[in-house]
Every structure is written in structure tokens, then in C-alpha cells.
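Here is the structure we will look at.
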Amino acid sequence: MLFIANWKMKMNVTETLTLTQALVRQARQIPPDTEVIVCPSYLSLAAVSKSLKGSRLQLGAQDCFWEQSGAFTGEISPRDLREQGCQFVILGHSERRQHLGETDEQVHRKLEAALNAGLIPVLCVGEDYAERAGHQKDYVLIRQMQGALQGVALASDQRLVVAYEPVWAISTGGVGIVATPEEVLYASEVIRHTIIDLFGAAALGRNAQIIYGGSVNPANVAEFTALKTMQGVLVGAASLNPAEFVAVMQAANRSSKQ
Ligand code: PGA
């Protein structure tokens, strides 16, 4: 089971380090067979990487550029992220699509560059409220996945994580609409079939994993991780408190499918 913490732009470097150290101290309480990845802001990566050394926590970035080097002012190279100790990189998060106009084509180029640099992409897909209301969920998911993954070759030793993140269910802080397990199961089936279509059935589970993200907390996580298609969660707000993030992992583990 995969647990990915997306710390967004919520903390400065000092706060991020304090949280990381607290999480490392609580690592004994993390259930076995659990992969834990923390994704701090770029500025915190080097410091967090150092404090994760020797722990079972892994490092991820929240984005990367589509070239490894060159005249691209302000951008961050996937190769440099790898050098800083990142194993994972979140790509196509809805906040980037929304605030920075990131397109499927850009996400595609970033994803290829990430794989070439030896990073595991965590591709975020999901419909917004209007698309959901307009019954376009399937179409949006397939369009975003094909846009990002069409033409991508996944070697047998490469991994891809696809996160179903319905935009309307992100950062609701427990209020607003919450995604039901039925709805998440349905969307994950669409994602599953698209993965099979693009990479073949053998890739599922071995190379490609599906996770859920959107207001996940200790009280609701098990509803999602108990779904047969789900292999983890992407956690925003609830990962900012070490005890709460560990509680998310423990709750998921208690209801584990095995
Ligand atoms: P949330 O964030 O858990 O705060 O909803 C999830 C995400 O945006 O990845």
C-alpha cells in the first residue's frame, strides 16, 4: 500500500524539517508492507532528503520540467530531483492545471522526462465539479490519461502511479461533498481499463498502481483503500500532522484486503 504526502506550499523549510523529523520518529508505528513518500516543496527537498536517510520514508517532488537541462529559467530538472534523492514526482495535479494552465500535452512531456530520469511519476487525473455534473467524468479521465500516457513505453522495471483526484473532493476539510466509495470505485475502473488499453493487463499491479486522493483522513481512508482497485492514497491536509498521517496508514492497514 502506498501513502503519498503532498505538502503543497503549506510550510516553510524549518516547519517542513520539523514535520519530517517527527514523522521519522514515529516510523516504528507505520505498518509493514507500507510505502511512505513525502513530497515537500522544492526548497525543502535537500534538507528533507538528508533527514530521511536511514529511514523507511521516501522522497518525492510536487512537479518537474520536461527537459533535463537547458535555458529554462526558473524550471526544475527531473535529473536534479533524482540527484537530490527523489524517487517519485507528482505530475498534473489539478492545482497546477487550474492555476498555471498546465495541459495534458505538458503533463505528457513531463512524465516522459521523469521516467527518463529514473523517477516514478504520480499522475493526477480527475474531473471538476462541472464535468461531474455534466456526466463527463469518464471522458475527462480517459482524455487526461491518454493525453499524458499515449506513446509512453513502460519498461518492465519502470513504475507509474495514477492518482484519481476528483477536483471537487480536494481540500474540503471535511465539509462539502465527499467522494463515496462507489464513485471512487467506478472512476478507478475507468482508470484501470485505460491502463490496460495503453499498457496491457500485465502492467497493472506490477508496473502501474492506482491510488485515491481528495480529503483523505483517518476516518475515511479505509473506505477507499478497501476497494479492490486501490493500492494507496495521496494525502494533503491530513499529512501535515505526523500523528494524523500515521493514523491514516494504520486505519488503512486494519481494513487491509489481505
Ligand atoms: P487533500 O489534498 O487531502 O487536502 O484534499 C489532496 C491533494 O490535493 O493531493
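The values are calculated or read from the model by the stated rules, or taken from the named source; none is laboratory data. Only a predicted model underlies this, so the values are computations on that prediction, with no experimental measurement involved. With ideal geometry, Cβ positions are generated from the backbone for all residues, glycine too; neighbour counts draw on all protein chains shown.
Odds and ends about this structure:
- Evaluation of residue 113 against (1) touching a Pro at 6+ places or on another chain (Cβ under 8 Å); (2) in a loop (DSSP other than H, G, I, E, B) (one fails), failing number: (2)
- Scanning the range 56-79 for residues that are assigned to a loop (DSSP other than H, G, I, E, B) and within 20 Å of the chain's Cα centre (by Cα) gives 56, 62, 63, 64, 65, 66, 76, 77.
- Conditions (1) touching a helix residue (DSSP H, G or I) at 6+ places or on another chain (Cβ under 7 Å); (2) more than 22 Å from residue 208 (Cα to Cα); (3) among the aliphatic types (A, V, I, L, M); number of the one not met by residue 91: (2)
- Pair list, Cβ < 8 Å and 6+ apart or interchain, from the range 226-240 residues that are within 8 Å of the ligand (Cβ to nearest atom) to residues that are in a helix (DSSP H, G or I): 235/245; 235/248; 238/244; 238/245; 238/248; 239/245; 239/248
- The set of residues in the range 234-258 that are part of a loop (DSSP other than H, G, I, E, B) and at pLDDT 95 or above comprises 236, 240, 241.
- Pair list, Cβ < 7 Å and 6+ apart or interchain, from the range 90-115 residues that are within 24 Å of residue 169 (Cβ to Cβ) to residues that are within 12 Å of the ligand (Cβ to nearest atom) and basic (Lys, Arg): 102/96
- Within the option set 140, 125, 89, being in contact with a strand residue (DSSP E or B) (Cβ under 6 Å, 6 or more places away or on another chain), under 27 Å from residue 190 (Cα atoms) and either modelled with pLDDT of 95 or more or among the charged types (D, E, K, R) (or both) holds for one residue only, 89.
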